[in-house]
Every structure is written in C-alpha cells, then in structure tokens.
1. (1) within 14 Å of chain B (Cβ to nearest Cβ); (2) free of Cβ contacts under 8 Å to residues at least 40 places away in the same chain; (3) not in a helix (DSSP H, G or I): which one isn't true of residue A:235, the others all being true?
2. Could you grab me the full set of residues in region A:183-211 that are under 18 Å from residue A:119 (Cα atoms) and within 11 Å of chain B (Cβ to nearest Cβ)?
3. Being touching a strand residue (DSSP E or B) at 6+ places or on another chain (Cβ under 6 Å), modelled with pLDDT under 95, over 30 Å from residue B:86 (Cβ atoms) and more than 14 Å from chain B (Cβ to nearest Cβ) narrows it down to one residue among A:275, A:263, A:248; which is it?
4. Kindly indicate which of A:173, A:139 is assigned by TED's automatic domain parsing to the domain that holds residue A:218 and within 13 Å of the chain's Cα centre (by Cα).
5. Name the single residue, out of those in region A:84-99 being in contact (Cβ under 8 Å) with a residue 40 or more places away in the chain and touching a helix residue (DSSP H, G or I) at 6+ places or on another chain (Cβ under 8 Å), that is nearest to residue A:2 (Cα to Cα).
6. Would you check if there is a residue in region A:212-228 being surrounded by 10 or more Cβ atoms within 10 Å (Cβ to Cβ), modelled with pLDDT of 95 or more, closer than 30 Å to residue A:67 by Cα and within 14 Å of another protein chain (Cβ to nearest Cβ)?
7. Output the residues belonging to region A:43-56 that are over 22 Å from residue A:94 (Cβ atoms) and in contact with a strand residue (DSSP E or B) (Cβ under 8 Å, 6 or more places away or on another chain).
8. Restricting to region A:21-54, count the residues that are part of a strand (DSSP E or B) and either touching a residue at least 12 places away in the same chain (Cβ under 8 Å) or more than 16 Å from residue A:101 (Cβ to Cβ) (or both).
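The values are calculated or read from the model by the stated rules, or taken from the named source; none is laboratory data. As the structure is a computational prediction, the values presented were derived from the model and not from experiment. Cβ placement follows ideal geometry from the backbone for every residue including glycine, while neighbour counts extend to all protein chains displayed.
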C-alpha cells in the first residue's frame with residue numbers, strides 16, 4: 001500500500017486566551033485515508049486537546065465541514081492523496097463564530113434555517129397533524145425540488161459565500177435554497193408566507209451570484225440556482241403572474257382487489273439439502 | 001415598498017436606459033446625419049432641445065438613470081449598514097438627493113424647451 005508522511009498545519013482557536021494559533025503535526029498517511037482519519041490519528045496519538053466535530057464519516061451528517069487547503073470541504077470525504085500535497089492546511093469554517101479549535105458555532109446558521117420555516121405548511125390541519133395517508137406527488141413535481149432536498153446542512157456554502165462574510169444579517173445560501181425547496185414542493189401551501197420572509201435586502205436580494213456556494217456543496221446542490229429561481233418566483237408574484245398553487249391532495253385509498261395473484265417462486269440456484 | 005418592487009423598478013429602468021441611450025446615440029449618427037462633432041455644436045443642441053420629443057426623451061433618461069443609480073447605491077449601502085433606523089435614514093437621504101438632482105437636471109431641459 002502506498003504510504004507517505006504529510007505535514008498537517010492546523011489553525012486553532014483558543015477560547016480561553018481568545019487567540020489563534022497554528023499547530024503542526026507529521027502524520028503517516030496511506031492511500032484511501034481521509035483528512036478526518038488524519039485528525040482522529042492526531043487526536044489519538046499526538047495531541048488529545050485537538051477539538052473538531054465529526055460523526056457519520058460518510059458525508060451524510062455534515063458535521064465535519066472545515067477549510068482544507070483553502071477550500072470548504074467535508075473532512076470525511078476528502079482523500080489526502082487527492083489533494084496532491086505534502087502540506088495540508090486545516091482551518092475552521094469561515095463566516096462563523098468559533099467555539100474551539102476547528103469547531104464552528106452553528107446557532108446563527110440554524111436560527112436562519114428555522115426562520116424560513118423548513119417544513120410543509122398545510123391548510124388541512126386535521127390531515128396534517130393526524131395523517132391518514134401520504135400526499136400525492138408525481139415524479140415531475142418531485143424533480144422540481146429534488147436536488148435542493150439533498151442539502152445536509154453542513155454549512156460549507158455559507159463558509160464560501162462572500163455576502164455571508166460581509167453581511168451578518170444575510171440569510172445565506174443554505175436557508176434560501178431551502179426556502180425554494182419548500183416553495184417548489186407541490187405538497188406545500190406556504191409559498192406566500194415564506195416569500196414575505198425572504199423578500200428583503202438581507203434575504204434573496206442580498207445574493208451577488210458569486211456561485212461559490214454551488215462550487216463547494218458536497219452533495220451537488222446548486223444554491224445559487226435556487227436563489228435565482230426564488231427571485232423569479234417572487235418577481236412573478238409581484239407582477240401578479242404567479243400560478244396559484246393548491247397543495248397536493250392525499251392519495252386515494254388503495255383499491256381492494258378480489259383477484260388473487262398466483263406467483264411461482266424462482267427456482268433455487270443452490271441445491272437444497274434433503275433433511 | 002417591498003424589496004422585490006424596488007428591484008423590478010431597477011431592472012425595468014435598466015432596460016429603459018439601454019433603449020434610451022441607444023436611441024440617443026443613434027440620433028447623432030443616422031437620424032440627424034450630422035455625426036458626433038456636428039451634432040454637438042451649440043446650434044444643433046439648442047435646435048434639438050427645442051423639440052418636445054427630445055425633451056421628453058432626456059427627461060425620461062434623467063429619471064431612469066437617477067432612479068436606477070440611486071437604488072444601486074442604496075443596495076450597496078444596505079450591505080454596509082445593519083441597523084434598521086440607519087437604513088431608513090439612508091433611503092431618506094437618497095430620496096432627497098434624487099429630488100434635488102432631478103430638478104437640477106430638468107432645468108436645462110425645460111429652459112431650452114421654452115426657448
């Protein structure tokens with residue numbers, strides 16, 4: 001197995017002294033090893049005080065976002081050999097307050113996410129709170145928001161966004177992409193409510209379309225596109241040209257059929273042993 | 001006024017400015033046929049400004065450029081200032097600047113039109 005030694009230069013925050021400092025560690029790495037593996041190696045073998053956040057180790061939970069070699073990435077899916085460098089710099093996410101070392105404070109991020117009401121809003125409250133069946137949705141209706149629903153709230157887009165860096169009130173690409181995700185959902189009836197929330201200078205109109213959010217998203221979501229689609233939806237509504245969306249109805253009950261299906265199981269591919 | 005309404009005004013005026021400026025430049029080259037140098041002589045300008053059509057065109061251009069530009073400046077300043085009260089002050093100051101500059105710009109148009 002291919003091995004080499006890599007120098008990890010980690011920018012850390014000391015909350016007690018209120019200052020930044022750099023730690024350097026030489027880590028033996030092998031092909032297939034990720035930056036998260038290296039950080040765990042450092043914590044277990046070199047410096048137990050190193051703090052970072054991680055959980056699933058497979059780019060699902062979005063916990064291990066950090067700046068690796070100058071770009072926001074998930075540490076768990078960043079292969080060290082793919083970086084083609086013997087020196088790897090690791091920094092905490094930008095545009096966040098830092099709690100300690102590489103751990104970013106996500107309070108503000110989730111506050112903005114909650115603000116846009118990231119859940120289905122329905123008028124049929126009885127069905128909503130005590131559902132009898134699921135709401136119907138065609139594959140075409142599903143595809144309108146599918147890519148935006150892949151967001152894992154890792155916050156890399158906000159770390160890459162220049163507007164989030166200069167305007168703390170800006171809602172950010174994650175919250176705005178999710179606003180569009182729910183507005184485009186055929187089951188949702190809260191479009192007007194959400195448009196009121198984001199039709200502000202610090203909402204969707206604050207975006208400068210730098211596109212860096214879409215560039216860094218580890219799940220292939222395009223928040224820059226979502227923000228443009230959101231602007232179009234708001235403009236159409238302002239011009240009175242928006243289509244009035246009625247929330248999808250619940251699917252009809254299953255038809256009970258009298259016809260019995262006779263199915264023949266496929267033959268065994270392995271010889272059955274006689275008892 | 002909602003942010004979306006302001007943005008729609010800005011986008012629309014952007015289109016108006018483009019059309020008006022193309023028309024304004026076209027006047028010199030083909031419609032009048034004098035060329036840039038001859039089209040900018042005192043007599044040519046005074047003669048053009050006595051025409052109600054050109055007066056209207058320049059008044060529209062003045063309004064569109066001022067509104068479009070000041071909304072843009074407001075957007076930039078809003079990113080630098082977070083406080084809601086200070087933002088209202090910015091809007092008010094820009095509105096006053098708009099009124100002053102619009103009146104100031106209208107003076108030669110009206111004066112030449114009256115002459």
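1. Condition not satisfied by residue A:235: (3).
2. A:195, A:196, A:198 - these are the residues of region A:183-211 that are under 18 Å from residue A:119 (Cα atoms) and within 11 Å of chain B (Cβ to nearest Cβ).
3. Residue meeting the stated conditions: A:248.
4. Numbers: A:139 fails: within 13 Å of the chain's Cα centre (by Cα).
Criteria check complete, one pass: A:173.
5. Within region A:84-99, the match that is nearest to residue A:2 (Cα to Cα) is A:88.
6. Step one: of region A:212-228, the residues surrounded by 10 or more Cβ atoms within 10 Å (Cβ to Cβ) are A:212-219, A:221-228.
Retained after the next criterion (residues that are modelled with pLDDT of 95 or more): A:212-219, A:221-228.
With the extra rule that they be closer than 30 Å to residue A:67 by Cα, the set shrinks to A:212-219, A:221-228.
Applying the additional criterion that residues be within 14 Å of another protein chain (Cβ to nearest Cβ) yields A:227-228.
Yes, region A:212-228 contains a residue that is surrounded by 10 or more Cβ atoms within 10 Å (Cβ to Cβ), modelled with pLDDT of 95 or more, closer than 30 Å to residue A:67 by Cα and within 14 Å of another protein chain (Cβ to nearest Cβ).
7. Applying the first criterion (over 22 Å from residue A:94 (Cβ atoms)) to region A:43-56 yields A:43-49, A:56.
Those that are over 22 Å from residue A:94 (Cβ atoms) and in contact with a strand residue (DSSP E or B) (Cβ under 8 Å, 6 or more places away or on another chain): A:46, A:47.
8. Within region A:21-54, residues that are part of a strand (DSSP E or B) and either touching a residue at least 12 places away in the same chain (Cβ under 8 Å) or more than 16 Å from residue A:101 (Cβ to Cβ) (or both) number 10.
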